[in-house]
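> I'd like to ask some things about the structure below.
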Amino acid sequence: MGQLSLKQITKTFGTFEVVKDVSLDVHEGEFMVFVGPSGCGKSTLLRMIAGLEHTTDGDIVIDGKRVNDLAPVDRGIAMVFQSYALYPHMSVFENIAFPLRVEGAPAAEIKSKVEAAAQILHLENRLDQRPGNLSGGQRQRVAIGRAIVREPEIFLFDEPLSNLDAALRADMRIELTRLHKQLGATMIYVTHDQIEAMTMANRIVVLNAGDIAQVGAPLELYHKPQNTFVAGFIGNPRMNFLPVTCTEVTGTGVTVDFNGQRLHVEVEAPASLRSHLPGAPLTLGVRPEHITLGGGNASMTVTPSVMEYLGQNTIGYAPLPGGEETFCFVLPGTQKVPADTPIDVTFSTADCHLFDSDGRALPRRANTEDLGAPALQIERTTG
Amino acid sequence: MMNPSRRATRVLTLVNPFSKRAQPSAMMDRYSWYEIVLIYLGIFVFLFFMLAPFLEGFLVSLKPLSQLFSTPYSFWPENGSFEAYVTMWERIPYFAIYIFNSLLIATVATLIVLALVVPAAYAFARFSFRGMPLLLGAFLAVSMFSGAVLLIPLFRLMRTLGILNTYWAMIIPGAAFLIPSAIWLLRTYMMRIPPELNEAAYMDGASQFYTFRRVILPLARPGIIVVAIMTFIGAYAQQFIFALTFNSKTEFMPLPVGLFAFFGRQEVIWNELMAASFVGIAPALVIIFFLQRYLVGGLTAGAIK
Ligand SMILES: Nc1ncnc2c1ncn2[C@@H]1O[C@H](COP(=O)(O)OP(=O)(O)OP(=O)(O)O)[C@@H](O)[C@H]1O
Ligand SMILES: [Mg+2]
């Protein structure tokens with residue numbers, strides 16, 4: 001139980017189409033994350049699933065049943081709001097007990113369920129306090145507690161951690177992942193924090209202005225983005241996009257001309273495009289973390305204007321000729337690179353992505369598993 | 001020459017006595033001596049203007065009647081006594097009934113207003129429906145009239161309804177003219193309650209009415225008390241004109257009309273009039289102080305973010 005399907009969901013406010021024809025299947029027990037830039041319709045989509053907002057068109061189906069006209073409780077859904085929405089005049093106990101009181105559950109049952117929820121969320125010692133006396137993280141846990149006592153099949157979270165500071169957010173991220181394992185319920189989680197999306201999700205839905213740009217596992221989105229939007233959105237710092245011209249399509253990939261270098265990128269060219277490709281302008285995508293100082297089979301000269309030394313790595317930003325685009329590279333560890341001095345950076349074509357003029361990716365040939373394998377050398381102690 | 005330790009104590013006394021900060025000696029709360037003097041002077045002048053009539057009234061109530069018309073007029077009573085507070089009861093045997101009537105009229109009017117205004121203000125704060133701005137505008141317009149302007153039509157209305165010379169003739173118009181401003185006041189207060197609370201309660205399966213009773217009402221309590229106090233004072237002050245116009249039965253008269261009895265044919269019994277005024281206001285003051293104890297701020301702390 002807890003299987004959710006969206007069938008061609010559309011939502012318009014006045015004449016403004018906020019969610020456009022979204023279809024999506026969320027599996028039972030899945031942790032699904034919606035990401036996208038601000039205003040792309042994430043909250044609106046979530047509120048429609050919750051039953052707080054009507055759909056303009058399309059069906060919401062839970063466990064095979066159309067629920068468009070059902071109230072949230074009857075959908076078996078609980079929601080945790082970004083702003084917590086706690087009842088400030090009630091104790092933590094009463095806040096968590098609220099859904100059970102609404103149901104008219106017997107007092108003994110309420111007590112045991114609230115205490116069980118408090119235990120899961122480490123709130124046992126706070127049950128008598130008012131929300132106003134709690135820290136942000138504790139308030140958020142109370143809000144989650146109120147959701148879990150009802151034992152819903154589907155949890156909705158709308159940016160639940162965005163009001164917390166970075167350290168607390170990291171803690172809560174781990175706790176939520178643990179909670180998901182413990183409860184086994186379906187969870188739909190809205191965020192615009194990439195790290196949350198990448199670390200917590202089974203699958204990520206990237207939304208772009210009301211459209212689904214791509215659905216997939218985190219590493220799949222990272223390694224095989226289907227378009228420039230996803231390529232630019234997933235990964236931090238952003239992927240570099242460089243203009244290239246296609247010269248040849250072969251059986252193993254596409255060869256492009258990049259500043260006079262001929263680069264062979266292993267992608268599949270769709271049959272329909274194959275004949276148009278030679279001579280056509282393409283976009284070469286390479287992630288900042290795949291740039292090295294020597295070693296790859298492609299190179300370019302950049303003049304970094306700003307260098308950032310983070311200890312763990314070194315980030316450089318260089319203006320690209322003839323554009324507002326900035327070229328970014330990330331080098332491991334602390335490497336002294338003088339600013340305002342031209343340097344040669346290199347990268348490997350195996351790490352490159354190719355996009356056509358409409359921004360659609362030419363599918364990479366490599367397996368996601370191979371790409372995901374960490375290139376770590378582990379020293380083994382023998383004996 | 002000032003020695004350093006005296007200097008330190010002087011700085012300490014200059015912290016802002018009105019600061020709400022946890023640490024009242026914070027830099028921005030420090031005032032120089034002349035600012036403090038000016039602030040207290042301002043407070044004194046303001047309070048003097050407000051309270052001087054009360055002081056004068058109280059002193060008058062202590063003086064024997066003859067002294068009131070002596071020249072030169074003496075502000076302080078010579079051989080003052082509380083005699084007027086005793087004799088007034090004899091001069092006006094109905095006095096206790098007048099006080100009771102006043103309280104009854106104001107209390108019932110307040111209850112009626114609250115019963116109508118609390119749900120109405122909630123509806124105006126939370127729902128949007130067709131004609132809402134028009135209705136709110138109409139309420140504002142109505143509250144600009146005082147009942148006095150509409151006395152004649154009201155009289156005819158009361159007569160048609162057959163409630164002239166009853167308590168209702170004083171309660172109903174009193175309540176009616178207090179409702180519009182009460183709705184505006186409480187609506188503004190309720191709009192500050194985060195709407196997420198409604199959504200959260202709805203998600204948890206609570207009905208509109210359950211949410212209203214268990215979430216909105218407790219949170220709106222300070223606002224409701226303010227409205228209750230305002231309405232009570234308003235109803236207390238208003239009843240004079242309605243009583244004079246719509247009621248001719250002595251036993252239903254409220255206090256302000258009753259005080260007229262001290263205006264004799266020849267002279268006004270000022271000392272007893274003042275004594276009666278203070279005695280008459282006392283119960284209302286007690287009620288307002290009682291209500292005020294429930295005015296607690298910061299109820300919504302911790303609701304969101
Ligand atoms: N009730 C409404 N009436 C009109 N427009 C609305 C309404 N609610 C949302 N919108 C519009 O719909 C768009 C999407 O809003 P939504 O809140 O879903 O964005 P979001 O993806 O959640 O953004 P954020 O990351 O900032 O929370 C916005 O442009 C917003 O202005
Ligand atoms: Mg949002």
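> On full extension of the chain, what length is gained from A:Arg360 through A:Asn125, given 0.36 nm per residue of separation minus the C-alpha to C-alpha distance? Intermediate values should be presented prior to the final figure.
Numbers: separation 235, 0.36 × 235 = 84.60 nm, distance 5.36 nm.
Taking 0.36 nm per residue and subtracting the Cα distance, the gain is 79.2 nm.
> Next question. Mind checking which of A:Ala50, B:Val113, B:Phe278 is farthest towards the positive end of the protein assembly as shown's charge dipole, using Cβ charges of +1 (Lys, Arg) and -1 (Asp, Glu) about the Cα centre?
Towards the positive end, the residue furthest out is B:Phe278.
> At a threshold of 8 angstrom on Cα-Cα distance, excluding pairs fewer than six apart, so keeping six or more, what relative contact order does chain B reach in percent? Display every interim value, and only then the final one.
Details: 276 pairs, mean separation 79.2, N = 305.
After rounding, I find 26 percent.
> Under 8 Å for C-alpha pairs, at least 6 residues apart: give me the relative contact order for chain A, rounded to a whole percent. It would help to have the intermediate numbers written out before the result.
Working: 760 pairs, mean separation 56.3, N = 383.
Taking the mean separation of contacting Cα pairs over the length of chain A, I get 15 percent.
> Then there's this: Give the residue from A:Phe157, A:Ala269, A:Leu183 lying farthest towards the positive end of the charge dipole for chain A; charges sit on Cβ (+1 for Lys and Arg, -1 for Asp and Glu) and the dipole is referred to the Cα centre.
Ranked along the dipole, the leading option is A:Leu183.
> What are the ³J(HN,Hα) couplings of region B:248-259, residue after residue, when phi is run through the Karplus curve with 6.51, -1.76, 1.60 and θ = phi - 60°? Round to Hz, x for glycine and proline.
10, 8, 4, 6, 9, 5, x, 3, x, 6, x, 4
> Considering the zone a paramagnetic label at A:Phe16 would reach in this model (a point 7 Å from Cα along the Cα-to-Cβ line), which residues of region A:179-222 have amide N under 19 Å from it?
Answer for region A:179-222: A:207-212.
> Now a separate question. Using unit Cβ charges (K, R positive; D, E negative) and no other charged atoms, how large, in debye to the nearest 20, is the dipole of the protein assembly as shown about its Cα centre? All intermediate terms of the calculation are to be shown ahead of the outcome.
Numbers: 53 positive and 56 negative charges, 468 e Å.
Rounded to the nearest 20 debye, it is 2240 debye.
> Checking a compactness column here: for region A:39-91, what do you get for Rg(Cα) / (2.2 N^0.38 Å), N being the number of residues?
Numbers: Rg = 13.0 Å, N = 53, 2.2 N^0.38 = 9.9 Å.
Compactness ratio reported: 1.31.
> So, one more: Near the amide H of A:Ser348, under 5 Å away, which other amide H atoms are found, from residues 5 or more places off or on another chain, if H is placed in the peptide plane?
It is A:Asn297, by chain and number.
> Rounding to the nearest 20 debye, state how big the charge dipole of region A:257-357 is about its Cα centre with +1 on each Lys and Arg Cβ and -1 on each Asp and Glu Cβ. Please list the in-between numbers first.
On the way: 4 positive and 11 negative charges, 32 e Å.
The calculation lands at about 160 debye.
> Quote the FRET efficiency, to the nearest 0.05, computed for B:Asn165 versus A:Ser38 with a Förster distance R0 of 60 Å and r equal to the Cβ-Cβ distance. Write out the running numbers ahead of the final one.
On the way: r = 67 Å, r/R0 = 1.12.
Using R0 = 60 Å, I get an efficiency of 0.35.
> Now for a separate question. Compute the separation of the alpha-carbon centres of region A:200-240 and region B:75-118 and state it in Å as a whole number.
Region A:200-240 and region B:75-118 have Cα centres separated by 76 Å.
> List every residue whose amide H lies under 5 Å from the amide H of A:Leu207, counting only residues 5 or more places away in sequence or on a different chain, with H placed 1.01 Å from N in the peptide plane.
Those qualifying (amide H under 5 Å, at least 5 residues apart or on another chain) are A:Val35, A:Gly36, A:Ala213.
> While we're on this one: Helix A:136-148: angle to the longest alpha-carbon principal axis of chain A, degrees 0 to 90, nearest 10?
70 degrees
> Report the full-extension gain for the segment B:Phe75 to B:Ser146: residue separation times 0.36 nm, less the Cα-Cα distance, to one decimal in nm.
Details: separation 71, 0.36 × 71 = 25.56 nm, distance 3.66 nm.
Additional length available on full extension: 21.9 nm.
> Does chain B come out rounded, prolate or oblate, given a ≥ b ≥ c as the square roots of the eigenvalues of its C-alpha gyration tensor, rounded meaning a/c under 1.5 and, failing that, prolate meaning a/b above b/c?
oblate
> As I understand it, the dipole of the protein assembly as shown uses +1 on the Cβ of Lys and Arg and -1 on the Cβ of Asp and Glu, about the Cα centre. Which of B:Val142, B:Leu295, B:Ile97 lies farthest toward its positive end?
Most positive-ward Cα: B:Ile97.
> Could I get the Rg over Rh figure for region B:26-81? Both from C-alpha atoms, Rh via Kirkwood, rounded to two places.
1.31
> Another question, then. What's log10 of I(q)/I(0) for chain A at q = 0.11 Å⁻¹, Debye sum over Cα points only, no solvent?
The Debye formula, applied to the Cα set alone, gives -0.90.
> What number comes out for accessible area per residue over the protein assembly as shown if the probe is 1.4 Å? Units Å², please. Don't skip to the answer; put the middle values down first.
Numbers: 35300 Å² over 688 residues.
Value returned for the protein assembly as shown: 51 Å² of accessible area per residue.
> Can you figure out the FRET efficiency of A:Asp69 with A:Thr252, using R₀ = 45 Å and their beta-carbon distance, to the nearest 0.05?
Working: r = 54 Å, r/R0 = 1.20.
The computed FRET efficiency comes out at 0.25.
> Can you pick out the pairs among A:Lys42/A:Lys113; A:Lys65/A:Lys224; A:Lys7/A:Lys113; A:Lys20/A:Lys181; A:Lys11/A:Lys65; A:Lys42/A:Lys111 whose Cα atoms lie more than 29 Å from each other?
The pairs that break the limit, which is 29 Å between Cα atoms, are A:Lys42/A:Lys113; A:Lys65/A:Lys224; A:Lys7/A:Lys113; A:Lys20/A:Lys181; A:Lys42/A:Lys111.
> Report the rotationally averaged projected area of region A:101-155 based on its alpha-carbon convex hull, in square nanometres. Intermediate values should be presented prior to the final figure.
Values: hull surface 16.6 nm².
Average of the hull's projected areas for region A:101-155 equals 4.2 nm².
> Further question: Computed FRET efficiency, Cβ-Cβ of A:Asn236 and A:Ser299, R0 25 Å: what is it to the nearest 0.05?
Numbers: r = 24 Å, r/R0 = 0.97.
Once the sixth-power term is evaluated, E becomes 0.55.
> Rounded to the nearest 500, what is chain A's calculated 222 nm mean residue ellipticity when only DSSP H runs of at least 4 contribute -39500 (n - 2.57) each, over all residues?
Details: 11 runs with 98 residues, N = 383.
Value at 222 nm, helices only: -7000 deg cm²/dmol.
> With angles folded into 0 to 90 degrees, how steeply does helix A:166-183 sit against the dominant principal axis of chain A? Use alpha carbons for both and round to 10.
So the inclination is approximately 70 degrees.
> Between region A:30-46 and region A:7-28, what is the C-alpha centre distance in whole Å?
11 Å
> To continue, here is another question. Evaluate the charge dipole of region A:138-268 about its Cα centre and quote only its size in Debye, nearest 20, assuming +1 on the Cβ of each Lys and Arg and -1 on the Cβ of each Asp and Glu. Let's see the in-between values first.
Values: 12 positive and 15 negative charges, 99 e Å.
Charge dipole, region A:138-268, about its Cα centre: 480 debye, nearest 20.
> Taking every eigenvalue of the Cα gyration tensor of region A:4-228, multiplying by 5 and rooting it, what semi-axes result, largest first, whole Å? Let's see the in-between values first.
On the way: eigenvalues 176, 83, 48 Å².
In descending order, the three semi-axes are 30, 20, 16 Å.
> May I ask you to evaluate 6.51 cos²θ - 1.76 cosθ + 1.60, the Karplus curve with θ = phi - 60°, for each residue of region B:174-184 and list the ³J(HN,Hα) values in order in whole Hz, giving x for glycine and proline?
x, 5, 4, 7, 8, 5, x, 5, 5, 4, 4
> Something else now. I'd like the Karplus ³J(HN,Hα) series for region B:191-206: coefficients 6.51, -1.76, 1.60, θ = phi - 60°, whole numbers in Hz, and an x wherever there's a Gly or Pro.
For region B:191-206, the Karplus curve yields 5, 7, 6, x, x, 4, 5, 5, 5, 4, 5, 5, 4, 7, x, 6 Hz.
> Could you work out how far apart the two model spin labels at A:Glu28 and B:Arg156 are, taking each label as a point 7 Å from the Cα in the direction of the beta carbon, and quote it in nm?
Inter-label distance under the simple model: 7.5 nm.
> Here's a follow-up. Among DSSP beta bridges lying fully in chain A, give the percent that are antiparallel, nearest 5.
Numbers: 57 of 74 bridges.
The antiparallel fraction comes to roughly 75 percent.
> Once the Cα gyration tensor of the protein assembly as shown is diagonalised, what are the square roots of 5 times its eigenvalues, in whole Å and ordered largest first, as equivalent ellipsoid semi-axes?
Value: 74, 33, 24 Å, ordered largest first.
> Sorted by accessible area with a 1.4 angstrom probe, largest first, how do B:Met274, B:Met170 fall? Mind showing how you got there, number by number?
Working: B:Met274 50, B:Met170 5 Å².
Highest to lowest solvent-accessible surface, that is B:Met274, B:Met170.
The values are calculated or read from the model by the stated rules, or taken from the named source; none is laboratory data. As the structure is a computational prediction, the values presented were derived from the model and not from experiment. Using ideal geometry, Cβ is built from the backbone for each residue, glycine included, and neighbour counts are taken over all protein chains shown. When the accessible area is computed, the model is the full protein with side chains, heavy atoms only, and any ligands, DNA or RNA have been set aside. Shrake-Rupley method; radii C 1.70, N 1.55, O 1.52, S 1.80 Å.
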